[in-house]
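Asks: Take this structure, written in structure tokens, and hold onto it; I'll ask about it next.
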Amino acid sequence: MTNIIFFGPPGAGKGTQAKIISDNLKITHLSTGDILRKKILEKDNLAIKLKKIMSDGKLVSDEILNSIVSSRLENEASSGFILDGYPRTLQQAYFLNKFLEKSLYKINFIFNIEINFDILKKRILKRSIEEKREDDNLTVLETRFNEYSNSTAKVSQLYKDSNSKIFHEIDGSLQISEITNKIIQIIKKP
């Protein structure tokens with residue numbers, strides 16, 4: 001069983017790589033962004049609240065995400081999983097670590113995709129046009145990037161410090177296929 005966490009700023013390619021690797025390894029891909037965007041389509045009170053939070057570029061509360069992720073892991077992760085967009089805060093990281101300890105899952109690989117902010121801007125604006133995502137615009141990107149820098153980057157550093165043997169830095173400015181090949185080489189290494 002292979003369990004992976006992807007870190008990186010919004011637009012770095014976490015989702016793209018997680019999807020490719022999940023298909024390659026035949027394991028569950030849990031993207032909190034995708035889960036939340038699907039929830040918004042339900043148009044209930046939580047959906048309306050989530051839409052407002054996400055369109056402002058803010059992070060969804062730890063309590064909501066912890067509940068969603070732990071429920072999905074309990075129901076779908078028996079053959080392995082990829083976490084994409086979670087954990088984003090130190091509280092989520094502590095929650096995840098306790099959950100993993102209790103469930104006897106362990107993380108095998110952590111990939112941190114690093115990329116320059118100017119490249120991110122171009123990618124996000126292109127993705128906004130191609131995927132018609134309302135949460136992809138320059139104002140939201142700057143808010144999300146600042147949130148990432150102030151919160152998620154600390155989580156990534158925590159995992160790097162405590163799991164250095166399984167933590168891998170990846171250059172996000174490379175072509176998608178080059179990034180995929182680097183990740184697969186790391187996973188397949190004996």
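Asks: Just subtract the alpha-carbon distance of LEU158 and SER78 from 0.36 nm times their residue separation and send over the number in nm, one decimal. Write down the numbers at each step before the final one.
Replies: Values: separation 80, 0.36 × 80 = 28.80 nm, distance 2.60 nm.
Stretched fully, the LEU158-SER78 segment lengthens by 26.2 nm.
Asks: With label points built 7 Å along Cα→Cβ from the Cα atoms of GLN175 and LYS19, find their separation and express it in nm.
Replies: About 1.9 nm, to one decimal.
Asks: Can you give the helix-only mean residue ellipticity at 222 nm for the chain, where every DSSP H stretch with n ≥ 4 adds -39500 (n - 2.57) and the sum goes over all residues, rounded to the nearest 500 deg cm²/dmol?
Replies: Details: 9 runs with 109 residues, N = 190.
One gets -18000 deg cm²/dmol as the mean residue ellipticity at 222 nm.
Asks: Heavy atoms only, probe 1.4 Å: what % of the accessible area of region 82-184 goes to carbon and sulfur, would you let me know?
Replies: 51
Asks: OK, next. At 1.4 Å probe radius, can you tell me the per residue accessible area of region 133-190 in Å²? Each step should come with its number before you reach the end.
Replies: Numbers: 3500 Å² over 58 residues.
Dividing the accessible area of region 133-190 by its residue count gives 60 Å².
Asks: Another one. Points 7 angstrom from Cα along the Cβ direction at LYS188 and LYS106: gap in nanometres?
Replies: 2.4
Asks: Please work out the average accessible area per residue across region 1-113, using the 1.4 Å probe convention, and give it in Å².
Replies: 48
The values are calculated or read from the model by the stated rules, or taken from the named source; none is laboratory data. What you see is a predicted model, and the numbers here were worked out from it, not measured in a lab. Neighbour counts are summed over all protein chains in view; Cβ atoms, including those assigned to glycine, are modelled from backbone coordinates with ideal geometry. The protein model used for the area step is the full one, side chains on, heavy atoms only, and it has no ligands, DNA or RNA in it. Shrake-Rupley method; radii C 1.70, N 1.55, O 1.52, S 1.80 Å.
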